[in-house]
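Each reported figure results from applying straightforward, stated rules to the coordinates on display, with no laboratory input. Keep in mind it's a predicted model, so treat the numbers as computed, not measured. Note that we place each Cβ from the backbone using ideal geometry, even for glycine, and neighbour counts take in every protein chain shown.
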Amino acid sequence: MMDTTDQNDTSQSVSLTVNDVDVEFLPLIYEIIRSVEKDPQDTSQKTRESHDTSQKVLELQKKLDQARNQLRRLRGVEYNKEEQLDKLATLRKQLQLKKELLQKYRHMCSFDIPK
């Protein structure tokens with residue numbers, strides 16, 4: 001049986017894509033705003049609404065922390081903008097050279113090998 005630290009290490013070793021990051025915050029934010037806008041007259045209801053709002057804020061905080069952790073696991077995030085642009089330029093240059101080499105091989109004379 002794995003403990004939680006083993007599960008976290010395993011899940012962090014798997015690479016994420018941008019589409020895998022959960023950033024659906026708007027519904028929670030909307031619920032928090034709606035609950036803050038409500039102004040019940042009854043004290044017990046006001047206390048319950050305040051507690052519900054606090055729970056929603058905690059849920060939002062937990063979701064934000066989860067999104068931060070997921071974003072840290074994205075490939076390339078550790079590089080700053082200049083490093084990313086340099087890496088992109090290098091990859092584009094490699095692609096261009098490989099395309100030229102492929103074109104060169106396509107236009108080479110083919111030798112017929114007798115059977």
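A few remarks follow.
- Amide H contacts under 5 Å for Leu74, placed H, 5+ residues apart: none
- Farthest towards the positive end of the charge dipole of segment 20-78, among the residues Ser44, Gln55, Gln66, is the Cα of Gln66, using unit charges on the Cβ of Lys, Arg, Asp and Glu.
- Each Lys and Arg adds +1 at its Cβ and each Asp and Glu adds -1 at its Cβ; summed about the Cα centre, segment 20-78 shows a dipole of about 240 debye.
- Ranked for footprinting exposure by Cβ neighbours inside 10 Å, fewest first, Lys56, Lys81 give Lys81, Lys56.
- Normalised by the number of residues in segment 20-78, the average gap of Cα pairs under 8 Å and 6 or more apart makes the relative contact order 48 percent.
- Set of lysines near Lys81 by C-alpha distance (under 22 Å), chain-local residues within fewer than 8 positions excluded: Lys93
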